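Quick notes on the structure that follows.
The values are calculated or read from the model by the stated rules, or taken from the named source; none is laboratory data. These numbers come from a predicted model, not from an experiment. Reconstructed Cβ throughout: ideal geometry from the backbone, glycine too, with neighbour counts over all protein chains shown.
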Amino acid sequence: MAETFRLTLAQLNPTVGAFGANATKVRAAWAEGKAAGADMVALTEMFLTGYQTQDLVLKPAFTDHAIRVIEDLARDCADGPALGLGGPWRDGTGQLFNAYWVLKGGKVVARVLKHHLPNDTVFDEDRLFVSAPVSGPFAIGPVRIGTPICEDAWFDDVTETLAETGAEILLVPNGSPYYRNKYDRRVNLMVSRVIETRLPLIYLNMVGAQDDQVFDGASFVLNAGAELAVQMPAFDECIRHVDFERHEQGWRALRTELVPLPDEWEQDYRAMVESLRDSTSIMPF
């Protein structure tokens, strides 16, 4: 019988600063993954704080609170699948990082730090965070997972390093804003990473709106060879369980539902609707 690994992907809508509400979403997704027999539940980049935080993340009280909530999640979600989610981390010297936290058995078992910090269009992450050395893969059950955080997957150096250091699957947590035809650009770039590394890749993107940005979800999974195995919906929250099997050539995602994506005009319309809807429900700090 082939070795298996079940990953629950949570494509959800966080709100900046709403730590309690965002943590509730995390717990619900983790519980759904546990009920489904998942080995790991994954959420998106900076999910606990919401994204983008802008200068809020520079306030020590904001960052310290976020870290405490993540540590609480580790304790609360100890008896079940591993949990991966994005949030800030400050090291002992006070340097601040965009991090992906991996929790298991009541503890923080891995902390992946973002290397490439975008500084264009709506991003100024190099002003907010410190660029970290490339983090290596972490092991969950039978799988070694490499996690290039968002921009780290847009360049080949991070994914190449992960492949060379033993990663068997690439999990890419994102806070990638929408613009017309952005999905096509993402897929083309991720296909390049898959072809270069010969590893399956999960592109997990958040949904919802924050300030002047809209996040469109449309998460997907590519197998080695660039076969599309999973396609999640655009603009809608969704939780999907993805099964991987190990074969002689490595791990491979079993194909599940490929949700059709709307055309560019409908996506533009959805972006406007979501931005207006979320602007009327912003949480007070």
- Given (1) more than 18 Å from the chain's Cα centre (by Cα); (2) under 21 Å from Gly86 (Cβ atoms), index of the condition Gly250 fails: (2)
- Message: Here is a check on your reading of the model: is Leu83 assigned to a strand (DSSP E or B) and either free of Cβ contacts under 8 Å to residues at least 60 places away in the same chain or not charged (D, E, K, R) (or both)?
- Response: yes
- Message: So for segment 17-29 (the condition being in contact with a strand residue (DSSP E or B) (Cβ under 7 Å, 6 or more places away or on another chain), buried (at least 19 other Cβ atoms within 10 Å of the Cβ), of a type in the set (S, T, N, Q) and touching a residue at least 12 places away in the same chain (Cβ under 8 Å)), does at least one residue qualify?
- Response: no
- Item | Sole residue being touching a helix residue (DSSP H, G or I) at 6+ places or on another chain (Cβ under 7 Å), in contact (Cβ under 8 Å) with a residue 12 or more places away in the chain and not hydroxyl-bearing (Ser, Thr, Tyr), chosen from Asp152, Asp157 | Asp152
- Gly92 more than 26 Å from Gly250 (Cα to Cα), small (Gly, Ala, Ser), surrounded by fewer than 24 Cβ atoms within 10 Å (Cβ to Cβ) and out of contact with any Pro (no Cβ under 6 Å at 6 or more places or on another chain): yes
- Note on the structure: Selection from segment 107-149 of residues buried (at least 22 other Cβ atoms within 10 Å of the Cβ), of a type outside the set (D, E, K, R) and either within 14 Å of Phe97 (Cβ to Cβ) or at pLDDT below 95 (or both) yields Val112, Ser135, Thr147, Ile149
- Query: Out of the residues in segment 249-285 that are at pLDDT below 90 and among the charged types (D, E, K, R), which is nearest to Leu48 (Cα to Cα)?
  - Reply: Asp278
- Task: Specify the residue that is nearest to the chain's Cα centre (by Cα); the eligible residues are those in segment 216-247 that are β-branched (Val, Ile, Thr) and crowded, with 21+ Cβ neighbours inside 10 Å.
- Result: Val221
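Are any of the residues in segment 150-160 charged (D, E, K, R), crowded, with 16+ Cβ neighbours inside 10 Å, under 18 Å from the mean Cα position of the chain (by Cα) and not in a strand (DSSP E or B)? I'd like the intermediate steps shown before the answer.
Narrowing segment 150-160 to residues charged (D, E, K, R): 151-152, 156-157, 160.
Okay, now just the ones that are also crowded, with 16+ Cβ neighbours inside 10 Å, so 151-152.
When the remaining residues are screened for being under 18 Å from the mean Cα position of the chain (by Cα), the result is 151-152.
Of the ones still in play, those that are also not in a strand (DSSP E or B) are 151-152.
Scanning segment 150-160, I find at least one residue that is charged (D, E, K, R), crowded, with 16+ Cβ neighbours inside 10 Å, under 18 Å from the mean Cα position of the chain (by Cα) and not in a strand (DSSP E or B), so the answer is yes.
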